[in-house]
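Notes follow the structure.
The values are calculated or read from the model by the stated rules, or taken from the named source; none is laboratory data. Not measured: the values here are computed from a predicted model. With ideal geometry, Cβ positions are generated from the backbone for all residues, glycine too; neighbour counts draw on all protein chains shown. Just the protein is used for accessible areas: all its heavy atoms, side chains included, with ligands, DNA and RNA removed. Shrake-Rupley method; radii C 1.70, N 1.55, O 1.52, S 1.80 Å.
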Amino acid sequence: MTSPPAFEPTLTPYGDSALMIAATDPDPAGRRRTMGAARRAVETRRPHGVVDLVAGLESLLVEFDPLEVSTEALATLLRLTLDAHQPDAGPDATAPTHFTIPVLFDDAVAPDLAEVAAEQGLDQATLVERFASFSLSISLLAAAMAPMMDGAAFDTPVSRCTLPRTDVAAGSIMVAGANAIIQPFPGPTGWKVIGRTPLRICDIARTPPTSYRPGDTVRFVPIDAPEYDRLAGRFLTADTPVADAAEGAGAP
Amino acid sequence: MIRTVALHVSEAGWLSTYQDLGRTGAEALGVPCGGAADQHSAAVANILVGNARNATLLEILGGTFAFTPDADVLVAVTGTETTLTVDGLPTPLWEPVVVPAGSRVRLGPATGGLRSYLAIGGELAAPRFLGSAAPDARMRFPQLIARGDTLGVHSGPVPATHPDFGVPLYRFPVPRLPLPEGTWTLDLVEGPETAAVPGIRELLATSTYTVGPQSDRVGLRLDGPVLHPQGLGEIVSHGVPVGALEIPHSDELIILGRYRTLTAGYPIVAFVTTACQDLLGQAGPGRTIGFRWVDEAAAVRGLRESRQRLDFLEARVKSAYAACGTSP
């Protein structure tokens, strides 16, 4: 469906047990598209000796066992893998799952909401309306399985906090640049917190612990405090309208 | 004949957890591999009791640890230098030890290194997450062992000891992790930003660094001379392997461990070779570290030799226990 990227990714050894694949497209959107395709290709083909993968926004770290495959042999295999897959590995290669995530946008749970609105030159209500109109795409799973999303298309990129916060609650919706992320567990962040979902997005007692994967799409819907309380602690499941969230909550 | 043995923990050390060699396939999901900080010692402990090398065992950091089993069990303790006693009798590390029912096994404080690995023959019952018993504190999977806990082991028969003296009947080719006194030397291969920091090769090769008190399983922080890169633009966050040697904005070095945050944007001036990473798990605050540059071929050769020693040990242990009819 999409034409092959014009810019070949580079492969660089990262120590004795890893290779870094980095996109070289001149524009960030192109780099992300190239790496999305590269990640899907390498995940699908899993050349012999590959132990694990770490996705960056514009790169992919391929970790391998150097006693199973040499750096040179793996680099050659990876180049072939990327070439072979590029024509059909565009963003539409796998059907994404859609998620609708309820969010309470309130100063009580969103310490940076006012600041982000001011930075965008909008009042809070308009900012929330704007954010809820975005269709975001999960580009990778970041620390602790946090969904890292592209597509927060504000007029100006959202700046980071000057001082990182040390303890941000689970479920916090955070933005930086044109990205958004949801905090799966309480912890530190330098991103701006603009809302909180009552849903639990990651539960280590479940298999798999999350219902989303890279490539899936996300839309946020504003809810009020009583609705937040009603949904609190339920597990996020795919394409679940807010009113029906209860059905999905008990699923294994 | 599998039985369940209960181990009663009477002293739990400072930080004792269930552990194994870590997760595979989890880093693509944003979960670090984790696992034993000293993989070699963990693998040897498991092999010595006849377990698979990635079986669940205990990682013990600091303080004293003691337990009493309610039936005979086979144990092995590896890792740091320490004192091991069974009912008060000094007992060797890095060897399989038969512990009779009701005997108290006690591990003293670490000397030289940092962490002990205690393997028990059989299957240690422990919660698992993404296929592994390795803790992940960030994801609220602490796997902590507390004083008063009872651990369960599903275990087969225990290999024989000498009936009168209890001495071990086997002499295995055990590859101990050398933990010399004084400065430890770690092998380095080049990193993507080595060239962006002129003079860093010579500086690392000729300086001595001290492990700082802020070090943890996320990374070792080293005090010593550093140089900062010139003219590097902002680095977009990317995946970083275990062993990456980063220069943050402050005047220190960080060597990333198995619980690192998976992506970062600090300049990487070198990588500690995989074969040398076990030492990172034994380097406590105050330990002095030096570096030696090697090429990739030498790094892989070191790893191959280390793996072959494990394979050899495993083959010998398996045949010995099979001959006794006690292989688990």
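Counting other Cβ atoms within 10 Å, keep those with at most 11, restrict to DSSP loop, and tell me which GluC sites (Glu not before Pro) in segment B:224-328 are left.
Numbers: sites: B:234, B:246, B:252, B:296, B:305, B:314; in loops: B:234, B:252.
Passing both the DSSP loop test and the Cβ count: B:234.
In whole Å, what are the Cα extents of the protein assembly as shown along the three principal axes, biggest one first?
Per principal axis, max minus min of the Cα coordinates gives 84, 57, 44 Å.
Stick to Cα atoms and the Kirkwood definition of Rh, then tell me Rg/Rh for segment A:10-88.
Numbers: Rg = 11.7 Å, Rh = 12.4 Å.
On the Cα set of segment A:10-88, Rg over Rh gives 0.95.
What is the angle, in °, between the Cα long axis of helix B:296-324 and the longest principal axis of the Cα atoms in chain B? Nearest 10 is fine, range 0 to 90.
Taking Cα atoms only, the helix is inclined about 10 degrees.
Label-point separation (nm) for residue A:167 and residue B:181, each offset 7 Å from Cα along Cα-to-Cβ?
Distance between the two pseudo-spin positions: 4.5 nm.
Pick out, in residue order, every one of the GluC sites (Glu not before Pro) in segment B:113-213 that is DSSP loop and has at most 11 other C-beta atoms within 10 Å; say none if there are none.
B:181
Can you compute the equivalent ellipsoid semi-axes for chain A, i.e. the square root of 5 times each eigenvalue of the Cα gyration tensor, sorted largest first and rounded to whole Å? Write down the numbers at each step before the final one.
Values: eigenvalues 238, 82, 59 Å².
Result for chain A: semi-axes of 35, 20, 17 Å.
Would you compute the Debye intensity of segment B:47-165 from its alpha-carbon atoms alone, equal scatterers and no solvent, and pass along log10 I(q)/I(0) at q = 0.10, 0.18, 0.22 Å⁻¹ to two decimals?
-0.30, -1.00, -1.48
Relative to the longest principal axis of chain B, what angle (0 to 90°, nearest 10) does the C-alpha long axis of helix B:39-48 take?
20
In vacuo Debye scattering of chain B, one point per C-alpha: log10 I(q)/I(0) at q = 0.08, 0.10, 0.11, 0.15 Å⁻¹?
The computed values of log10 I(q)/I(0) come out as -0.39, -0.59, -0.71, -1.21.
Report the rotationally averaged projected area of segment B:184-294 based on its alpha-carbon convex hull, in square nanometres. Intermediate values should be presented prior to the final figure.
Working: hull surface 24.3 nm².
Over every viewing direction, the Cα hull of segment B:184-294 projects on average to 6.1 nm².
Taking a probe of 1.4 Å and counting only protein heavy atoms, give the total accessible area buried between chains A and B in Å², rounded to the nearest 100. Display every interim value, and only then the final one.
Values: alone 12270 and 14890 Å², together 24370 Å².
The buried area between A and B, both sides summed, comes to about 2800 Å².
Write down, largest first, the equivalent ellipsoid semi-axes of segment A:85-232 in whole Å, where each equals the square root of 5 times an eigenvalue of the alpha-carbon gyration tensor. Before the final figure, lay out each step's value.
Working: eigenvalues 113, 71, 46 Å².
Computed over segment A:85-232, the values are 24, 19, 15 Å.
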